[in-house]
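The values are calculated or read from the model by the stated rules, or taken from the named source; none is laboratory data. This structure is a prediction, so every number in the text was calculated from the model and none was measured. Here Cβ is always computed from backbone atoms with ideal geometry, including for glycine, and neighbour counts include all displayed protein chains. SASA here: full protein model, heavy atoms, side chains in, ligands and nucleic acids out. Shrake-Rupley method; radii C 1.70, N 1.55, O 1.52, S 1.80 Å.
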Amino acid sequence: MRHHQFIANAAIGLLPFGLTKDGIDRHFAVNHLGHYLLINRLLPLLRHTAQLSSPPAAGPRIVTLTSDVHRSAPASTTFSSPAEVTTNGGYGAMGYYARSKLAVVLFAKYGLAKRVFGAHGDRISVVTLHPGIVHTDQLDQLKDAYGGLLGTLLKLLTLPFAQSPAQGCLSTVWAATSADVEQNGWSGKYFMSVGEVAEPSKLAQDPKLGDNLGELSEQLVKEKLGPDGLLPWDVSSD
């Protein structure tokens, strides 16, 4: 594992609409924007590592965690304006969560695999996956999203379908370590189970939406951190 960097998403679950201290929808900020910035800052290290890793050793790999709930993202999602992710659109906890997870899929497919790594010939893979329902404390957020009574009922209905944390890790570990990802050219692909490429939602396959997301993400980061808040996406390790 010595010349590899594996990145997996921390996440925020189903919560009512709320803004971060930066004034951004907290689902979008935590599930997408923070990782967008992290990966940008790690680009020099990733590219340096890619130059050290020659076949048969695998190149660096990024694994982002999404949810198949991304299919429930509001149909009105365009990622075309800061107002879309800084004001309450009335979508409810599921809508905001799903929209943020849609952003994860779009960023992996169009932002990284296509426009960053693919365009520059980087030997760096990125995959995104749905690990399934996992029995963790995150399920308690159903109470925050839907109230104590309904949230508890939804949790009880969900538990029979939930995997243990150990089971839930399997697909992520596979995505981070399997030689199949690079050998089969699966960078940018979406997975719902070990070794099986899945088709994401129609919105997640919209290149225009991917372009909009990239422009919006860059705009928001630079507004909050200044014009030097992002490294150029073509930056090398030299």
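Numbers for the structure displayed
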{"quantity": "Selected residue (criterion: least open to solvent (accessible area, probe 1.4 Å)) from residues of segment 43-84 that are assigned to a helix (DSSP H, G or I), closer than 14 Å to residue 28 by Cβ and touching a Ser or Thr at 6+ places or on another chain (Cβ under 9 Å)", "calculated": "70"}
{"quantity": "Pairs, first more than 19 Å from residue 128 (Cβ to Cβ) in segment 48-69, second loosely packed, with under 15 Cβ neighbours inside 10 Å, C-beta under 6 Å, six or more apart", "calculated": "48/237"}
{"quantity": "Considering residues of segment 212-238 that are open to solvent by less than 60 Å² (accessible area, probe 1.4 Å) and not aliphatic (A, V, I, L, M) only, the residue farthest from residue 77 (Cα to Cα)", "calculated": "237"}
{"quantity": "Complete set of residues in segment 183-208 that are surrounded by 12 or more Cβ atoms within 10 Å (Cβ to Cβ) and in a strand (DSSP E or B)", "calculated": "190, 191, 192, 193, 197, 198"}
{"quantity": "Among the residues listed as 45, 65, 33, the single one being farther than 17 Å from residue 204 by Cα and either in contact with a Pro (Cβ under 7 Å, 6 or more places away or on another chain) or among the aliphatic types (A, V, I, L, M) (or both)", "calculated": "45"}
{"quantity": "Odd one out for residue 136, checked against (1) modelled with pLDDT of 70 or more; (2) under 26 Å from residue 38 (Cα atoms)", "calculated": "(1)"}
{"quantity": "Hey, residue 71 at negative phi, modelled with pLDDT of 95 or more, basic (Lys, Arg) and in contact with an Asp or Glu (Cβ under 9 Å, 6 or more places away or on another chain) or not", "calculated": "no"}
{"quantity": "Residue satisfying condition, being open to solvent by less than 50 Å² (accessible area, probe 1.4 Å), among the polar types (S, T, N, Q) and either part of a helix (DSSP H, G or I) or modelled with pLDDT of 65 or more (or both), within set 152, 158", "calculated": "158"}
{"quantity": "Residue ID - most open to solvent (accessible area, probe 1.4 Å), chosen from residues in segment 85-113 that are among the small types (Gly, Ala, Ser) and not in a helix (DSSP H, G or I)", "calculated": "90"}
